[in-house]
Amino acid sequence: MPRKRFGQHFLHDPGVVARIVAAIDPRPGDRLIEIGPGEGALTRPLLERAERMAAIEIDRDLAARLAAEFPASRLQVLCQDALECDFSAFGEGLRIVGNLPYNISTPLLFHLAKQAARVRDLHFMLQREVVERMVAAASRPEYGRLSVSLQARFRMEKLFTVARGAFRPPPKVESAVVRMVPLERMLDVDEALLRRAFSARRKTLRNALPGVDFAALGIDPRLRPENLSPADYARITSSVR
């Protein structure tokens with residue numbers, strides 16, 4: 001039975017599974033890691049094409065079932081919280097995928113962003129509103145700290161939406177699949193500065209970030225935090241360090 005404390009909604013629609021696997025396009029030799037495999041709906045078709053992978057599952061019963069179904073030489077099952085996982089231990093060129101639990105999706109994205117240099121790409125199914133925040137452009141209502149933090153490190157693309165009925169039990173919201181590919185030149189943006197800025201997003205920059213010399217940066221201090229691009233925040237970060 002799906003457990004509410006883990007935010008479990010199991011994917012069961014074979015059409016959606018096929019679209020996700022096609023988007024990932026796993027190959028033998030890929031360093032593939034799945035977060036939250038659940039009942040293995042994605043795990044099985046991914047393993048058919050990648051031959052071996054790792055899976056991180058916090059639910060002991062589900063982790064045990066997957067470990068019993070596949071030999072350890074093909075599927076490495078780690079029963080732990082993905083928020084506490086040291087992804088650097090897997091090496092570099094990681095391909096991370098998953099149907100992420102909605103209740104930890106935002107903190108998990110911030111956690112994974114720190115590993116961007118070790119990642120080849122990420123493919124996640126998330127709450128559609130979260131994906132829209134991730135890909136939002138500056139000055140859009142959905143644009144915020146998550147948008148800036150991720151767009152400073154990744155090129156992101158919303159691939160397609162997924163209806164509630166694709167899951168058991170159906171969630172209260174629609175989902176979407178997003179692709180994240182690390183930028184060749186990542187931007188250095190201070191997370192504490194972003195928190196300060198977007199905690200006062202309705203204020204002007206001069207009030208939200210006092211002490212910053214916006215004139216020297218060529219930035220209008222009458223703008224609001226939501227009006228600046230990730231590159232603007234990288235310039236501010238550089239100026240205050």
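No value in this document is a laboratory result; all are computed from the given coordinates. Small disclaimer: the values here were computed from a predicted structure and weren't measured. Note that each Cβ is placed from the backbone with ideal geometry, even for glycine, and that neighbours are counted across all protein chains shown.
Mind listing the long-range amide H neighbours of PHE10? Cut-off is under 5 Å, sequence gap 5 or more, other chains count too, H placed in the peptide plane at 1.01 Å from N. Placed amide hydrogens put ARG168 under 5 Å from PHE10.
PHE90 sits among other residues whose Cβ lies under 11 Å from its own Cβ, and their net charge, with Lys and Arg +1 and Asp and Glu -1, is +1. If Lys and Arg each add +1 and Asp and Glu each add -1, what is the summed charge of the other residues whose beta carbon sits under 10 Å from the beta carbon of ARG202? Here the count lands on +2. Here region 110-241 is treated as an ellipsoid with the same Cα gyration tensor; its semi-axes, largest first and in whole Å, are 30, 17, 11.
With a Förster radius of 35 Å applied to the beta-carbon distance between ARG241 and GLU84, the computed FRET efficiency rounds to 0.75.
A simple rule links phi to the HN-Hα coupling: the Karplus curve 6.51 cos²θ - 1.76 cosθ + 1.60 with θ = phi - 60°, which for region 124-132 gives 10, 9, 9, 4, 4, 5, 5, 4, 5 Hz, with x for Gly and Pro. Look at the alpha carbon pairs under 8 Å that are at least 6 residues apart: their mean separation over the length of the chain gives a relative contact order of 16 percent.
Annotation: amide H of GLU51 has no partner in the under-5 Å range at sequence separation 5 or more or interchain, hydrogens built in the peptide plane.
For the chain, set up a GNM with springs between Cα atoms under 10 Å and report which of ALA116, ALA55, ALA22 has the largest fluctuation. Per the Cα network of the chain with a 10 Å cutoff, ALA22 tops the list.
If you sort the three axes of the alpha carbon gyration tensor as a ≥ b ≥ c, you get a/c of 1.5 or more for region 56-126 and a/b no higher than b/c, which makes it oblate. Note on region 1-123: Rg/Rh from C-alpha atoms, Kirkwood Rh, equals 0.92.
The average projected area of region 183-241, computed from the convex hull of its Cα atoms over all directions, is 3.9 nm². Near the amide H of ARG31, within less than 5 Å, lie the amide hydrogens of ARG95, all on another chain or at least 5 residues away, with H placed in the peptide plane.
Could you give the distance between the Cα centres of region 153-175 and region 116-142, to the whole Å? Using only Cα atoms, the two centres lie 12 Å from each other. The label point for ALA18 and the one for ASP190, both projected 7 Å from the Cα toward the Cβ, are 5.2 nm apart.
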